[in-house]
2 protein chains.
Amino acid sequence: MKTLRVPEATVTRMSIYSRFLERLDRNGITTISSNEIADGVGVSPAQVRKDLAYFGEFGTRGVGYNVQTLLKYTLRILGLDQTWQLAIVGAGNLGQALTTSRGFNARGFHVACVFDHDTRRVGQRIGQLLVQPLGQLPELAQKENIRIGVITVNNSMAQEVANIMVQSGVQAILNFAPITLRVPANIEIRNVDLSITLELLTFNLGLKAAQSL
Amino acid sequence: MKTLRVPEATVTRMSIYSRFLERLDRNGITTISSNEIADGVGVSPAQVRKDLAYFGEFGTRGVGYNVQTLLKYTLRILGLDQTWQLAIVGAGNLGQALTTSRGFNARGFHVACVFDHDTRRVGQRIGQLLVQPLGQLPELAQKENIRIGVITVNNSMAQEVANIMVQSGVQAILNFAPITLRVPANIEIRNVDLSITLELLTFNLGLKAAQSL
């Protein structure tokens, strides 16, 4: 597979195609064209073909794609042909929402532990899990083979939690705290800002207002 | 301002630049170069200049940008030179987290009401707000001038909530339910999938593993 210098937007769309293919497969659909994929996810057919071309040749001209085969490829490309154990640190509202969310417990992902530094939260039940004390992270990370850490603590704790995650052998961090964290270069880190999409909405509403003048 | 056909990725980066400029302004920094902006947010200087060029000429060659002026422009471009009242429907963990989150109560955004259809949640306090019955949405949306609705209910309720929002005069919807909602073409809608960034992490971890072979 060719996988060098793939734009992040392409990887994000691969996730979207892959989820769409899962839905088709569940509904018993066996072949699909790039036009139909484009229609189903709301991008142009040329974009679908260009995105897939980063990774090789999957379709047959005039026939389209075999849904199960293309789904299997997208999962492999996204690294989802294996299980990823997650640990969530921060058992507040957001941590609780993510622990039990479908997205964090599907497609190879599994929330294996939840931690909090607040002793009042330790021992509380979230779905199937009991909140563990933060001090247990290194030991449980090893025992549960945790490779991805999710940070849902507040800003003042986030860097300390990131440090503990790195020391515990976590390879990647998804950070929901609105702060820039410093981690070694070999650690994959992504920040999720839940409000940034709001500004995409207001930008577009502003455009519409300008065009209607 | 030129604002036609701006890529979504550019708009998202405008949000990021704008937040960075806010931080600089708070710290008393008055001028900045595109190289320093690029450094501060982790994109290339050429990208910063290209993004800003969609909207006009802001800097002076060799001098750079005035921080306050550029900040004001970015806020105006993003539609944040006004107040946007939000309503959140779904007072579960995610709804609670968003209601009290800094991002949803800053930069012109303000969560004005929270609703739930579950009578056990109605009347509960989340931060400064009391959870209202869903049936109150049309009336309160008008009274509070709600223009953006945020959906944090489960899949089975999400379309019904979207319909009520549209009937209540909401202009834009931010949907956290992992389902495709049908709304009239004049309504701005964006879906937020909290797990899609996880797949960006596993894609990159897969790349690293492949390169180290």
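Please treat every number below as a calculation from the coordinates, not as lab data. Quick caveat: nothing in here was measured; it's all calculated off a predicted structure. Heads up, the Cβs are rebuilt from the backbone with ideal geometry, glycines too, and the neighbour counts pull from every protein chain shown.
Sorting A:GLU57, A:GLU22, B:GLU8 on the 10 Å Cβ count, fewest up front, what's the list?
A:GLU57, B:GLU8, A:GLU22
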Review point. Once you put a point 7 Å from the Cα of A:ARG49 and another 7 Å from the Cα of A:GLN82, both along the Cβ direction, what distance in nm separates them?
Key: 3.4 nm
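Can you sort A:LEU200, A:LEU52, A:LEU130 from fewest to most other Cβ atoms within 10 Å of each residue's own Cβ? Write down the numbers at each step before the final one.
Details: A:LEU200 20, A:LEU52 23, A:LEU130 12.
Placing the least packed residue first, the sequence is A:LEU130, A:LEU200, A:LEU52.
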Revision key, fill the gap. Rounded to whole angstroms and listed largest first, the alpha-carbon spread of chain A along its three principal axes comes to 60, 51, 34
Point to revise | Top of A:ARG102, A:ARG49, A:ARG61 by mean-square fluctuation, Gaussian network on chain A, Cα under 10 Å | key: A:ARG61
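What FRET efficiency do you get for A:SER33 and B:THR180 if R0 is 22 Å and r is their Cβ-Cβ distance, rounded to the nearest 0.05? Let's see the in-between values first.
Working: r = 20 Å, r/R0 = 0.89.
Given R0 = 22 Å and the Cβ-Cβ separation, E is 0.65.
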Revision key, fill the gap. Kirkwood calc, the protein assembly as shown, C-alpha pairs only, radius in angstrom 23.1 Å
Study note, to complete from the structure: Taking every DSSP bridge whose two residues both lie in chain A, the antiparallel percent to the nearest 5 is 20 percent
Study note, to complete from the structure: Per GNM of chain B with C-alpha springs under 10 angstrom, the most fluctuating residue out of B:ASN27, B:ASN145, B:ASN35 is B:ASN27
Review point. So which trypsin sites (Lys or Arg not before Pro) in the stretch A:1-45 are both in a DSSP loop and have at most 14 other Cβ atoms within 10 Å of their Cβ?
Key: A:LYS2, A:ARG5
Check your understanding: Placing a label point 7 Å from Cα toward Cβ, how far apart in nm is A:THR60 from its equivalents in the other copies, listed shortest first to one decimal?
Key -> 6.6
Review point. So what are the radius of gyration and Dmax for the Cα set of the stretch A:8-77, in Å?
Key: 10.7, 30
Exercise for review: May I ask you to report, in nm to one decimal and beginning with the shortest, the distances from B:GLY169 to the same position in the other copies, taking label points 7 Å along Cα-to-Cβ?
Suggested key: 5.9
Point to revise | For the stretch B:147-186: Kirkwood Rh in Å [reciprocal of mean 1/r, alpha carbons] | key: 10.0 Å
Check your understanding: Do any trypsin sites (Lys or Arg not before Pro) in the stretch B:121-213 lie in a loop, going by DSSP, with at most 14 other beta-carbon atoms within 10 Å of their beta carbon, and if so which?
Key -> B:ARG182
Point to revise | Amide H contacts under 5 Å for A:ARG102, placed H, 5+ residues apart | key: none
Check your understanding: Taking the label point 7 Å from Cα in the Cβ direction, how far apart in nm is B:ALA209 from each other copy of itself, listed shortest first?
Key -> 4.9
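What translational diffusion coefficient, to the nearest whole µm²/s, does the stretch A:84-191 have by Stokes-Einstein, given a Kirkwood radius computed over alpha-carbon pairs, a temperature of 25 °C and 0.890 mPa s viscosity?
Working: Rh = 13.4 Å.
This corresponds to a translational diffusion coefficient of 183 µm²/s.
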**Study point:** Exposure proxy order (Cβ contacts within 10 Å, fewest to most) of A:SER18, B:SER156
**Key:** B:SER156, A:SER18
Point to revise | For the protein assembly as shown, size of Cβ-based charge dipole, Lys and Arg +1, Asp and Glu -1, in debye | key: 380 debye
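Suppose we keep just the DSSP beta bridges with both residues in the protein assembly as shown; what percent of those would be antiparallel, to 5? Could you put the intermediate results ahead of the total?
Details: 10 of 54 bridges.
So the antiparallel bridges amount to about 20 percent of the total.
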Study note, to complete from the structure: Rounded to the nearest 10 degrees, the helix A:196-211 long axis (Cα) sits at an angle to the longest Cα principal axis of chain A of 40 degrees
**Study point:** Rounded Å value of the spacing that divides the Cα centres of the stretch A:130-204 and the stretch B:147-208
**Key:** 23 Å
Check your understanding: Out of B:ALA46, B:ALA91, B:ALA162, any idea which swings most in a Gaussian network model of chain B, alpha carbons joined below 10 Å?
Key -> B:ALA46
Point to revise | Chain A Cβ-axis minimum, rotational copy B, residue and distance in Å | key: A:ASN93, 2
Review point. Roughly what % antiparallel, to the nearest 5, for the DSSP beta bridges in the stretch B:144-194?
Key: 0 percent
Review point. So what's the angle, to the nearest 10 degrees on a 0 to 90 scale, between helix B:8-26 and the longest Cα principal axis of chain B?
Key: 80 degrees
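How high is the relative contact order of chain B, in percent, counting Cα pairs under 8 Å that sit 6 or more residues apart? Mind dumping the intermediate values first?
Values: 299 pairs, mean separation 28.4, N = 213.
Reported relative contact order: 13 percent.
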Review point. So what is the calculated 222 nm ellipticity per residue for the protein assembly as shown, using -39500 (n - 2.57) for each DSSP H run with n of 4 or more, over all residues, to the nearest 500 deg cm²/dmol?
Key: -13000 deg cm²/dmol
